[in-house]
Amino acid sequence: MAIEKEQVITRITDTGVVAVVRAENADMAKKISAACLEGGVNAIELTFTVPGAHKVIEELAKEYQNGEMILGAGTVLDPETARTAILSGAQYIVSPCFNAETVRLCNRYRIPCMPGAMTIKEVVEAMESGADIVKVFPGELFGPKIIKSIKGPLPHAKIMPTGGVDVDNVGEWIKAGAVAVGCGGALTAGAKTGDFGKITETGKLLVARVKEARGL
């Protein structure tokens, strides 16, 4: 289902959790995505480290064409990959680092873009280029205090940390000023043992903790 760029951003920030899905194969990636969605995490970031990632995105886009899932592509390093992802059905693009051409391409097609950054300089450059949300990565290097540090001089910055986010600290990240968080291994670990129910339960906990931190 085609929805406007602003709606995609709003739905991601309303839930406040993006599931970073990495997997060894397409079938596993789809099972993880379904388990996350069942847990209330409707924003799925299917990374391009998954074999045949664009085909998985295509399949998920068809399966959830009524808009239940906000489907994005992650680990996008260049505009070529971004365009492939968009044509496959990705509704937003996430990168581990800032690439101006990737952001430019996303803006051309009105697709939300979330490039990675770690320094104030990188955050400003990403914002100047038109990034919708800046992904602080890797978040575990500094913890929630990095958000407060960035929002000191840049109170208007929309920041989403990825890396080091889990059920125990997600509230701290939100209270520090993050508009959403990206959560990978701490959310999807159950897949390693085939315990997809654990992914769903962790998803529910993450969403609940975000609401709690927001006072909702």
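Bear in mind that the values in this text are calculations on the coordinates, not laboratory data. It should be emphasised that the depicted structure is a prediction, and the values quoted were computed from it without experimental measurement. With ideal geometry, Cβ positions are generated from the backbone for all residues, glycine too; neighbour counts draw on all protein chains shown.
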Quiz prompt | Anisotropy class of the range 1-121 from Cα gyration tensor, a/c 1.5 cut | solution = rounded
Practice problem: Starting from the Cα gyration tensor of the chain, take the square roots of the eigenvalues, sort them a ≥ b ≥ c, and report rounded, prolate or oblate (rounded when a/c is under 1.5, otherwise prolate if a/b is larger than b/c, else oblate). | Solution: oblate
Quiz prompt | Partner lysines for residue 62 [C-alpha distance under 16 Å; skip if fewer than 8 residues away on the same chain] | solution = 30, 31
Quiz prompt | Leading residue at positive end of dipole, the chain (Cβ point charges), from 84, 16, 94 | solution = 16
Quiz item: Which aspartates and glutamates have a Cα lying under 19 Å from the Cα of residue 151, excluding residues fewer than 8 positions away in the same chain?
Solution: 122, 125, 128, 132, 140, 172
Self-check item: Whichever lysines have a C-alpha closer than 28 Å to that of residue 145, once near sequence neighbours (fewer than 8 apart) are set aside
Solution: 121, 135, 158, 175, 204, 211
Exercise. Any cysteines in the chain with zero other Cys Cβ atoms under 4.7 Å from their Cβ? List them, or say none.
Key: 36, 97, 183
Exercise. Calculate, in nm to one decimal, what residue 172 and residue 120 gain on full extension: separation in residues at 0.36 nm each, minus their alpha carbon distance.
Key: 16.7 nm
Quiz item: What is the spin-label model distance, in nm, from residue 78 to residue 216 if the labels are put 7 Å beyond Cα along the C-beta direction?
Solution: 3.9
Exercise. Go ahead and set up a Gaussian network model of the chain, Cα springs under 10 Å, then flag whichever of 108, 11, 22 fluctuates most.
Key: 108
Quiz prompt | Antiparallel DSSP beta bridges within the chain, as percent of all bridges there, nearest 5 | solution = 0
Quiz prompt | Proximal charge balance of residue 186 [Cβ under 10 Å; K/R count +1, D/E count -1] | solution = -2
Self-check item: Long pairs among 5/198; 148/198; 55/192; 55/148, criterion Cα-Cα beyond 30 Å
Solution: 5/198; 148/198; 55/148
Quiz item: Relative to the Cα centre, what is the charge dipole magnitude of the range 135-216, using +1 at the beta carbon of each Lys and Arg, -1 at the beta carbon of each Asp and Glu, and rounding to the nearest 20 debye?
Solution: 320
Quiz item: If you place +1 on the Cβ of every Lys and Arg and -1 on the Cβ of every Asp and Glu, how big does the dipole about the Cα centre of the chain come out, in debye to the nearest 20?
Solution: 380
